[in-house]
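I have placed the structure first, in the form of structure tokens, so that the comments after it can refer back to it.
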Amino acid sequence: MGLSRARGMGLLPNFLETGGGEKGLFKAFRAAGLPIQTLDNPNMPIPVAVMAELFAQAGAILDDRTLGFRVGRDTNYQGWGGWAQYGTQAPTLGTGINRLNATNWAHMSAFEMTLQPVGRGFVWRVVPPLRQDRIMHYTDHLLFPMLSYARLYLGRAWVPEWIEVNYPRDREAQVIETLLQAPLRCGGKGVALPFSAEQLARKQPEGKLAALQALTLKDIAADVVLPEAQEPARSFSAIVAMRLLEGKSDIEGAAQTVGYGVRGLQRRLSTAGYTYKDILEAARRTRALELLAQTNVSVAEIAFSLGYEEHANFSRAFQRWMGISPSAYRAKFGIDRPRTSLAG
């Protein structure tokens, strides 16, 4: 149940809206099962399979084989957020890649990231947990954060000897090779770049490292609802939180999102000591605290957005969680803002 951050879609929504209009944008998000409200929550953890499906749907809607490349071209390692910045604090390219590999759970959980010796050099490989028939556009966009991270140490003009991709060669792969100025090795296990030992030992240009803001692992930990829970409860809590953006709280839809039946999902959660009700309540509490403290959306609308049919049911639940009413919590911790609506 791999997770990524919503920011990982980069400029894909812009391309969709430009090429397919608002109708195309909403169609792609709806077909991928991704709430359109995710656009306002760039740090929201979402299933990477949903992200890849969004890229696949966008490619089909726009009928553009190079869509993933074009989206990725405008994306660099900074699109990975604080996790990538944590990696850039390493003194050499090799130690930086190893740092990213060791902490990838903070941005892309369930991804396999390795740096392994191959022949006289080394290969940095990222293997996303995805179906092989829905990966082409997502893979093409994933190349660029990896390339830009390497170029931070090796210079902007650096081009790898080859690039591995995890999709079969098609008639238009040569177009991507021309744009990348490097040959593709198609049908690989993941997305990979080769390096020499000398390149891995390369340091950042003088002054760049010192200018970066220091980060710790605590700063970049994934902001899922239950960060300390065992899997699959930890990752699933992020999916429940994502669905709450649309006011959806049903277990049937949540199970469908992760590809399980309801009973199968319940069995898997029970192995981590959780029920769906436990996770839903934790996600509702987190979202309620955020909305009460950071917006002036009415308490009744917050209750509805969290999937409560009755305002009173939300108030009772909140009183149980926090020991005070939603209105009292807002009066004590809320930020004074103009009245807003979750509908925009």
Return the pair list, or none, for Cβ contacts closer than 8 Å from residues in segment 69-90 that are over 22 Å from Val165 (Cα atoms) and without any contact (Cβ under 8 Å) to a residue 12 or more places away in the chain to residues that are open to solvent by 10 Å² or more (accessible area, probe 1.4 Å) and among the polar types (S, T, N, Q), at least 6 apart or on different chains.
Ala90/Asn98
I'm trying to understand the selection: among the residues of segment 192-203, which are assigned to a strand (DSSP E or B) and over 18 Å from Phe144 (Cα atoms)?
Lys203
Sort through Gly119, Gly155, Gly188 and tell me the only one that's within 19 Å of Gln78 (Cα to Cα) and surrounded by fewer than 22 Cβ atoms within 10 Å (Cβ to Cβ).
Gly155
Picking from Ala157, Ala192, which residue would you name as being under 23 Å from Pro91 (Cα atoms) and free of Cβ contacts under 8 Å to residues at least 40 places away in the same chain?
Ala157
Restricting attention to segment 33-49, and to residues there that are part of a helix (DSSP H, G or I) and open to solvent by 10 Å² or more (accessible area, probe 1.4 Å), which single residue is nearest to Ser305 (Cα to Cα)?
Gln37
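Farther than 22 Å from Gly33 by Cβ, part of a helix (DSSP H, G or I), free of Cβ contacts under 8 Å to residues at least 40 places away in the same chain and open to solvent by 50 Å² or more (accessible area, probe 1.4 Å): does that describe Arg285?
Yes; evaluated as a whole, the condition is true for this residue.
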If Ala300 satisfies every condition in (1) touching a His at 6+ places or on another chain (Cβ under 9 Å); (2) of a type outside the set (Lys, Arg); (3) without any contact (Cβ under 8 Å) to a residue 12 or more places away in the chain; (4) crowded, with 17+ Cβ neighbours inside 10 Å but one, which is the exception?
(4)
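The values are calculated or read from the model by the stated rules, or taken from the named source; none is laboratory data. Worth saying up front: this structure is predicted, and the values here are computed from it rather than measured. Reconstructed Cβ throughout: ideal geometry from the backbone, glycine too, with neighbour counts over all protein chains shown. Note: accessible area is taken over every heavy atom of the protein model, side chains too, but ligands, DNA and RNA are not part of it. Shrake-Rupley method; radii C 1.70, N 1.55, O 1.52, S 1.80 Å.
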